[in-house]
Amino acid sequence: MKILYFLFFFLVIQGWTLTVIALSFPKNDTLAVNRPVIERLTGSSIRRYYLNVDLNTRIAFHSSFINKDDAKSAFRLDYIRLQVEGDITDKIYYKWYQHLNRSDKAGQTDNMPSSINCLGVGFLLTPHLSTFWGKQYADYGGFEYDANPAEVYEFSDMGEYMTCFLTGANLMWQLTPAHEIRFQIVDSRSGSAEEMFGTLPANVKLAKVPLGYTLNWNGNLYKNRLLTRSSFSLFHEGQHTHVYFLTLATAWIQKNFNMYVDFMYSLENIDKLGILSDFLQNQDNPERIQNSSYLSLVSRANYRIFPKLNLFIKGMYETASVTKTDGKHEKGKYRTSYGYQGGIEYFPMKENLHFFLMYRGREINYTAKAKHFGVVNTHPQQLSLGLIYKIPVY
């Protein structure tokens, strides 16, 4: 325990020292312009609309502990993604985002490496209508989901477990300057059904054409003060086997303050999210769980106390339930998760580089029905000091 306290106060002192030093930086520093590395090395301006290369990174020193006698500390490269994009013409553009610290195993369905988040070509059909074909974000909506993944220190359960990148096509219609409608059709999964679900129940007959359909509305109201990200998705997994996913999200934006609230709900005839199956599916019960539901409520608030200094807090409340009693699982709630985060971020330049000191914790509680399967309540916590930088390479 003494070691844990020492690490805590060491990181706090280091974080405030870093902040004090950073606040002494001159306002007009030579790195205040968002220029690519190649330009700084050559002294010339060569960044072009047809090729932009960025390296999205997050690295930090983490001190993690679950119990009072269990503490681990290490430096870790949490996130690194190569982002290449540009315009081929004024009506054709492309994107290639590759997560460099993820597996390159190709999915059996889409034949895409799992490390590729986005790869495809977009077309501007009219000034208000566009389409994108290839691997892409599923248009679920929600502000945590839409955020730069490097800047999300820890996702909610829903954000962590859902399949975010799928292959297909979307259609984007800028109905008015304040309202955008999106429709998307994608593969329901990247890999095979066996890879995603494991052993299927005998009564589940897989779909020959497993697809997902999403309708999304993005709003921008009250002079950019009120933003919305809402969607409804239906994934066809098999005969009478579907997954329904609803997102309702709102954000309020002011000069020095902003916050969002995301509500997400998933109703699943087959446990696609997989949180329940993680502990209910075992050697004694090898079949994938059926009739599950998940609820997630996530909110984050930011307050710029100084132009370069941001304070933030984030809270999460989530549940996992079985919606219908079968021969192995009783109907009811099995898992409740409470997450909380808070910290300070320092932005020394006009670029997107920033340092952070943050604490996060999560309480995962299981009901008596879940504990029958051998799980116990946990309370993981972590203190982190690090930096996030979307490096403009070219």
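The values are calculated or read from the model by the stated rules, or taken from the named source; none is laboratory data. No experiment lies behind these values; they were computed from the predicted model shown. Positions of Cβ are generated from backbone atoms using ideal geometry, with glycine treated the same way; all protein chains shown enter the neighbour counts. Ligands, DNA and RNA are stripped out before the accessible areas are found, and what is left, the full protein with its side chains, is counted by its heavy atoms. Shrake-Rupley method; radii C 1.70, N 1.55, O 1.52, S 1.80 Å.
Observations, loosely collected:
- Matching residues in segment 278-316 - criterion: being exposed (fewer than 15 other Cβ atoms within 10 Å of the Cβ) and closer than 19 Å to Arg229 by Cβ: none
- From the list Thr247, Thr241, Thr228, the one residue that fits, being within 20 Å of the chain's Cα centre (by Cα) and without any contact (Cβ under 8 Å) to a residue 40 or more places away in the chain, is Thr228.
- Residue among Ser115, Ser156 that is small (Gly, Ala, Ser) and surrounded by fewer than 19 Cβ atoms within 10 Å (Cβ to Cβ): Ser115
- Candidate set: segment 364-380, residues that are in a strand (DSSP E or B) and modelled with pLDDT of 95 or more; chosen: the one surrounded by the most Cβ atoms within 10 Å (Cβ to Cβ): Tyr366
- Residues in segment 349-363 that are surrounded by fewer than 18 Cβ atoms within 10 Å (Cβ to Cβ) and either of a type in the set (Phe, Trp, Tyr) or at pLDDT 95 or above (or both) were compared, and the one that is nearest to Glu85 (Cα to Cα) is Tyr359.
- In segment 103-118, residue farthest from Lys390 (Cα to Cα) [restricted to those that are of a type outside the set (S, T, N, Q) and outside any loop (DSSP other than H, G, I, E, B)]: Ala106
- Any hit, segment 90-102, residues being open to solvent by less than 20 Å² (accessible area, probe 1.4 Å), over 22 Å from Leu55 (Cα atoms) and not in a strand (DSSP E or B): no
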